[in-house]
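Trainee: I have a structure here, written as structure tokens, and I will follow up with some questions on it.
The values are calculated or read from the model by the stated rules, or taken from the named source; none is laboratory data. Computed from a predicted model, the values in this text were never measured in an experiment. Backbone-built Cβ (ideal geometry, glycine too); neighbour counts: all protein chains shown. We work out accessible area using only protein heavy atoms, side chains counted, and drop any ligands, DNA or RNA first. Shrake-Rupley method; radii C 1.70, N 1.55, O 1.52, S 1.80 Å.
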Amino acid sequence: MSSNVELQYKLLLYLDKRRVLTEMANSCESFLDQCVDKTTNKFPPLRHLLEIDVMDLYNDFPELGDFLIQKPLQFQHICNKILFACINSIDSENNNIQLMQVATILRLKCIPQVLSNEKKPYYEGIMLRKGLLLDISKPNSYVFHTVWSCPEGCEGNEVILQFIPKTPPKCYVCRSVLFENSGLRRCGEKVNATFLSNELLPRKYNIVDDLISKLNIGNTYNIHVVVLKSIKIVWSVEESVTLPAPMTYPIPEDIVQLFETCEGVPWKFIYCLACLIGVRVCPLHCYMHVKINLLLSLVSVKANLLIGSSIINILVTGHETKYVSEIITAAIKFANRSVYLGTNSDVQLSMIGGSGGICILPLSLYRSNQKQLAFILKTLETGVISMDNSEIKSKCAVWGLSNDSKTPFNNLSSVFDIVCRNYGQDFDDVAEFMLKGALEREKITENEVKALNDLMVYINLIAGINVSLDKSAESLLKSYFLSARRESTKVATIGSIGALVTVSLTSARLCRRSVATIDDALFAIWLHVCGSPHPRFAPEEYLQTPPSIHELEENMTKFKDWLEQFTGINFT
């Protein structure tokens, strides 16, 4: 590494090239003007906020970038001396400014992840921490500037510190214990922020002054800290933003072939994709309504994270929920994160902790904590999580289970976007599958692992596609909604139209299209009718998910004919 003098010289060149020295000079002139106007304020602090683009610094002076990452405190000290030199160059004869009065507050941006040490922390270097912001305390003050004087009045022995020491300093001349001029103390604001780290352990950091405004509960951040022996100093907080993949990005070859085989028909293609969920729990063709809806919800959550689209919340009802719970456990492996809400869990923190992922209600609704349930239902209806003094937008999908005979509220579809009804029609096939699995333990094959990885990759790639609704799909959804409202307002609630649109858009997104067509609207309506309580609008035989894709196509053809009569719209 270059000598300290060479590094200071290069830093001067960089700051001058980026016109930072001019900004420092302007801050110094403003500071000196205030000192003249307020002569009673002795030893006032000068703090200059300096933001450095680390990638830009590396581009001009790589060794200077290494010095910043490895020894940030020394880097900051050099910046302090440069700021001190600026103020002396303006008025060196009449001012009595000391070095400890000036401080450069460094804020870093665009720090390459490969440079900051995340796994093996070391003292004094800049380390990267990632976390989901769970909670922010109320602001309180902290001291950043103190002045200490000698009780004997020794001349020139005032001591300036940028903190409050544990033990008061002593006079350099008479060795008396100094006292603090409390009237000259300067304070800033700080909050205690709790982040959920990748290790699923909460970490707390003190965030100060200008960084507080960057914090929003439920967002994920990159936190750059300097760890000393007893404290951690946060230097920068940057929101972690995932950018959507471009439409031209290649997708797995097997998915492409599957799409071509299904001829791009949404219910065929999505049916085949959903078969991959829970392959070790039940046969491929079992619980297909559940698998399809879980797949749609997974895509909607990731789309919400990337482009802010609506989230699909699911409630699975029926007499048998054991296998559904296992399928849900298999499905959450495709999500960024998941949270199980226990009976004694903090419901607010659980839903915030599930941001960008899934919040799961493992118990049937009638057995859940009623206060928790009321909070969740209110959140699903309003779309916001109520905090003590604020509200934040909900960013997680809720997956719940229920038993129809003991449901604590009547109108499920007014709260959950999709109600998936299951009455154990696949029980015999699942029992045979489990018995066979117990007798013959099959190892996970490479093809199975590859298929699951391909599905995960595909979901991540298509989640950022912006989708619009074409006129034919819009007309069909409106006609169905009005016709269903005439049949029963409890089944087709006001919120149903929004859910139908969201499912249609998600169906098109899964098919990698930017426009939702009438086929997507038909698929969304089919799922909605399948979730309707008895008696259903359409004949029961049209609403089953048969083990064969060809039988499913026959069912959808018959359902389409019924829908034409129900809505009065001709699909041809």
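Trainee: Would it be correct to say that Pro266 is surrounded by fewer than 18 Cβ atoms within 10 Å (Cβ to Cβ) and either in contact with a helix residue (DSSP H, G or I) (Cβ under 6 Å, 6 or more places away or on another chain) or under 28 Å from Met434 (Cβ atoms) (or both)?
Mentor: On the way: surrounded by fewer than 18 Cβ atoms within 10 Å (Cβ to Cβ): no; either in contact with a helix residue (DSSP H, G or I) (Cβ under 6 Å, 6 or more places away or on another chain) or under 28 Å from Met434 (Cβ atoms) (or both): yes.
Criteria not met by Pro266.
Trainee: Within the range 195-208, does at least one residue satisfy the condition of being closer than 15 Å to Ile136 by Cα and in contact with a helix residue (DSSP H, G or I) (Cβ under 6 Å, 6 or more places away or on another chain)?
Mentor: yes
Trainee: Filter the range 331-342 for residues that are open to solvent by 20 Å² or more (accessible area, probe 1.4 Å) and assigned to a helix (DSSP H, G or I); which is nearest to Asp454 (Cα to Cα)?
Mentor: Here the residue is Lys333.
Trainee: Taking interchain pairs and intrachain pairs at least six residues apart, which have beta carbon atoms under 8 angstrom, with the first residue in the range 466-482 and farther than 10 Å from Leu500 by Cβ and the second open to solvent by 50 Å² or more (accessible area, probe 1.4 Å) and of a type in the set (Ser, Thr, Tyr)?
Mentor: From residues that are farther than 10 Å from Leu500 by Cβ, the pairs are Asn466/Ser514; Val467/Ser514; Ser468/Ser514.
Trainee: Working carefully through the options Lys166, Lys170, Lys138, find the one that is out of contact with any Pro (no Cβ under 8 Å at 6 or more places or on another chain), open to solvent by 40 Å² or more (accessible area, probe 1.4 Å) and in contact (Cβ under 8 Å) with a residue 40 or more places away in the chain. Give the derivation first.
Mentor: On the way: Lys166 fails: in contact (Cβ under 8 Å) with a residue 40 or more places away in the chain; Lys170 fails: in contact (Cβ under 8 Å) with a residue 40 or more places away in the chain.
After applying the criteria, what remains is Lys138.
Trainee: Which of the residues spanning the range 239-261 are in contact with a helix residue (DSSP H, G or I) (Cβ under 9 Å, 6 or more places away or on another chain) and of a type in the set (Ser, Thr, Tyr)?
Mentor: Matches in the range 239-261: Thr242, Tyr249, Thr261.
Trainee: Exactly one condition in (1) in a strand (DSSP E or B); (2) open to solvent by 50 Å² or more (accessible area, probe 1.4 Å) is false for Gly188; which is it?
Mentor: (2)
Trainee: Which condition number in (1) surrounded by fewer than 18 Cβ atoms within 10 Å (Cβ to Cβ); (2) within 20 Å of Ser475 (Cβ to Cβ); (3) without any contact (Cβ under 8 Å) to a residue 40 or more places away in the chain is the one that Val529 fails?
Mentor: Result: Val529 passes all but (1).
Trainee: Counting only residues that are open to solvent by less than 10 Å² (accessible area, probe 1.4 Å) and among the hydrophobic types (A, V, I, L, M, F, W, C), which one in the range 343-360 is farthest from the chain's Cα centre (by Cα)?
Mentor: My answer is Ile360.
Trainee: Out of the residues in the range 493-504 that are hydrophobic (A, V, I, L, M, F, W, C) and surrounded by fewer than 24 Cβ atoms within 10 Å (Cβ to Cβ), which is farthest from Leu461 (Cα to Cα)? Before you say what the answer is, go through the steps one by one.
Mentor: In the first step, residues of the range 493-504 are kept if they are hydrophobic (A, V, I, L, M, F, W, C); the result is 494, 497, 499-501, 503.
Subset that is surrounded by fewer than 24 Cβ atoms within 10 Å (Cβ to Cβ): 494, 497, 499, 501.
On the way: Ile494: 32, Ile497: 27, Ala499: 23, Val501: 21 Å.
Result: Ile494.
Trainee: Can you go through Leu57, Leu13 and tell me which one is modelled with pLDDT of 90 or more and open to solvent by 40 Å² or more (accessible area, probe 1.4 Å)? Spell out the reasoning first.
Mentor: Details: Leu57 fails: open to solvent by 40 Å² or more (accessible area, probe 1.4 Å).
Answer to the selection: Leu13.
Trainee: Please tell me if Phe144 is open to solvent by 80 Å² or more (accessible area, probe 1.4 Å), at pLDDT 85 or above, touching a strand residue (DSSP E or B) at 6+ places or on another chain (Cβ under 7 Å) and of a type outside the set (D, E, K, R).
Mentor: No, not satisfied.
One line per residue, one yes/no per condition, for (1) outside any helix (DSSP H, G or I); (2) at pLDDT below 85; (3) out of contact with any strand residue (DSSP E or B) (no Cβ under 9 Å at 6 or more places or on another chain); (4) open to solvent by less than 50 Å² (accessible area, probe 1.4 Å):
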| residue | (1), (2), (3), (4) |
| --- | --- |
| Asn453 | no, no, yes, no |
| Leu461 | no, no, yes, yes |
| Ala484 | no, no, yes, yes |
| Gln544 | yes, yes, yes, no |
| Pro547 | yes, yes, yes, no |
| Glu553 | no, no, yes, no |
| Phe571 | yes, yes, yes, yes |
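Trainee: Test Asn389 against the criterion of being open to solvent by 70 Å² or more (accessible area, probe 1.4 Å), within 19 Å of Ala274 (Cα to Cα) and either at pLDDT below 75 or in a helix (DSSP H, G or I) (or both), and give yes or no. Show your work before the answer.
Mentor: Numbers: open to solvent by 70 Å² or more (accessible area, probe 1.4 Å): yes; within 19 Å of Ala274 (Cα to Cα): no; either at pLDDT below 75 or in a helix (DSSP H, G or I) (or both): yes.
No.
Trainee: Which residues, taken from the range 37-54, are in a helix (DSSP H, G or I) and modelled with pLDDT of 90 or more? I'd like the intermediate steps shown before the answer.
Mentor: In the first step, residues of the range 37-54 are kept if they are in a helix (DSSP H, G or I); the result is 37, 54.
Scanning the range 37-54 gives a single hit, Val54.
Trainee: Looking at this structure, is Lys471 of a type in the set (Lys, Arg), within 33 Å of the chain's Cα centre (by Cα) and open to solvent by 40 Å² or more (accessible area, probe 1.4 Å)? If you could, list the steps in order and put the result at the bottom.
Mentor: Numbers: of a type in the set (Lys, Arg): yes; within 33 Å of the chain's Cα centre (by Cα): no; open to solvent by 40 Å² or more (accessible area, probe 1.4 Å): yes.
Answer is no for this residue.
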